[in-house]
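Read through the structure below, which is laid out as structure tokens, and then see the notes.
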Amino acid sequence: MKHIAKPRIALWDNARFLIMALVVIAHMITTTRMDSSFGYAVYAYIYLFHMPAMILLSGFFSKAELNVNGVKATVGLLVTWVTFEVIWVFYRLLIDGQALSWSFLVVPAWTLWFLVTLITMRILLPFIAVLKHPLVVSIAIALLAGLTPSIGREFSAMRTLSFLPFFVFGWLARERGWLTGERFLQPSRLLKTGAWALLAAIAAVFVFIPDVRHVFRIDVWVTWRDDYATLLDLGGWAEPLTGIGIRAGFIAIAFIMTLAVLVIIPRRTSFITVWGTRTLYLYLLHGFVVYALRHYGVIDVIGTFGAAGTLLLIAMGAALSALLSMAWVQKLTRPIIEPNIEWMFRKVP
């Protein structure tokens, strides 16, 4: 009997694109975030949830069973990662003369950490899935990971462990139906209002404390890549306890913001639904554009205009997201982003 594929649910593709567009926008304003209170607020607000949300969605569509299709998908990501690491070597050599670094493949090139983290999480999932309380264990791992500087940026280790709860939650949400019921897929007006109110309340913090960047460096915490000693430099017992407390707080905020955003995401099919099927292309390609704009000083010049400059960079990020989600971009770059790797596997009867 011929297998009939389940129809795609527009919500998830809409969410993929809109959250990925926020990733692009955040990268566009990263180097100018300290130039104005508004720029810092936008950057910190986006970073509070955007990558946790992307990883939660990745977990939602991952399976714990080790089968042929799962292996092929993971190997495909591995091939794409190595391919783009090589591309970045030549791109940096062309743009600013950077030679091959000692950290090649050890420390992923800029945005490529996400691929390494996703590959690692997919490999770990079958082992985590057999635990009695996988989410609790993953949260404990995320909190404890920051205790040692030995877990750093090599192979995206710190980010992988820090983001693990979101991936596990996404997988559990699909397995246990937490995000597949009618109440979530068709949220009530009251639920939507509550989600908007929550997101607005968090945004209000940046409004009422405009100089928050001088009070607490949220931006360095929400990159999820450093240990507590690096982030705090307190010494003694205060350091690990404070670090665990702060990271636990950011994990909680990321969870509630991600769920709130998923509640307000449009459920209807539109052009962004199609774009949401091409987010891997958007993620891998936007870095080359942003890197060049940074190198040639374009972003820095725009950043000197303060809040107006930040708004322009946001618009540029949104436009770039739309452009790189076009069908012709997918067709042109598919051989390197989604290469045919069937030749690597023996035929399974």
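Bear in mind that the values in this text are calculations on the coordinates, not laboratory data. Note that the coordinates shown come from a computational prediction; the quantities given were computed from them, not determined experimentally. Quick reminder, even Gly has a Cβ in these numbers, built from the backbone with ideal geometry, and neighbours come from all protein chains shown.
State log₁₀ I(q)/I(0) for the range 160-261 at q = 0.13 Å⁻¹ as given by the Debye formula over alpha-carbon point scatterers of equal weight, solvent excluded.
Here the Debye-derived log intensity ratios amount to -0.64.
How would you classify the range 10-337 from its alpha-carbon gyration tensor, with a ≥ b ≥ c the square roots of the eigenvalues: rounded for a/c under 1.5, else prolate if a/b is greater than b/c, otherwise oblate?
Cα axes put the range 10-337 in the rounded bin.
Find, to one decimal place in angstroms, the Kirkwood hydrodynamic radius of the range 208-249, where the mean of 1/r is taken over every pair of different Cα atoms and then inverted.
Hydrodynamic radius (Kirkwood, Cα only) of the range 208-249 equals 11.1 Å.
Under 10 Å, Cα contacts only: if you run a Gaussian network model on the chain, which one of LEU105, LEU191, LEU93 comes out with the highest mean-square fluctuation?
Greatest mean-square fluctuation among the candidates belongs to LEU93.
So which chymotrypsin sites (Phe, Trp or Tyr not before Pro) in the range 221-278 pass both tests, a DSSP loop state and at most 10 other Cβ atoms within 10 Å of the Cβ?
Hits after loop and neighbour filter: TRP237.
Report the far tail of the P(r) of the range 244-349, meaning the percent of Cα-Cα pairs longer than 24 Å.
Looking at the range 244-349, the distances longer than 24 Å represent 53 percent of pairs.
Taking the Cβ of ILE29 as the center, what net charge do the other residues with Cβ under 14 Å away carry, scoring Lys and Arg +1 and Asp and Glu -1?
That sum, taken over residues with Cβ under 14 Å, equals 0.
Using a 7 Å offset from Cα along Cα-Cβ at ILE9, what residues in the range 174-208 end up with backbone N under 18 Å from the label point?
Flagged as within label range: 174-189, 191-192.
Okay, which of the range 23-37 sit inside 16 Å, backbone N to the point 7 Å along the Cα-Cβ direction of THR304?
Counting backbone N atoms under 16 Å from the label point, the list is 32-33, 35-36.
In the chain, which whole DSSP H runs stretch at least 20 Å along their own axis (Cα) and average 0.5 or higher on the Kyte-Doolittle scale?
Going by DSSP H runs, the hits are 10-29, 68-96, 113-129, 157-175, 189-208, 238-264, 279-295, 307-323.
Ignoring everything except DSSP H segments at least 4 long, calculate the 222 nm mean residue ellipticity for the chain; use -39,500 (n - 2.57) per segment, divide by total residues, nearest 500.
Helices in the chain give a 222 nm mean residue ellipticity of -22000 deg cm²/dmol.
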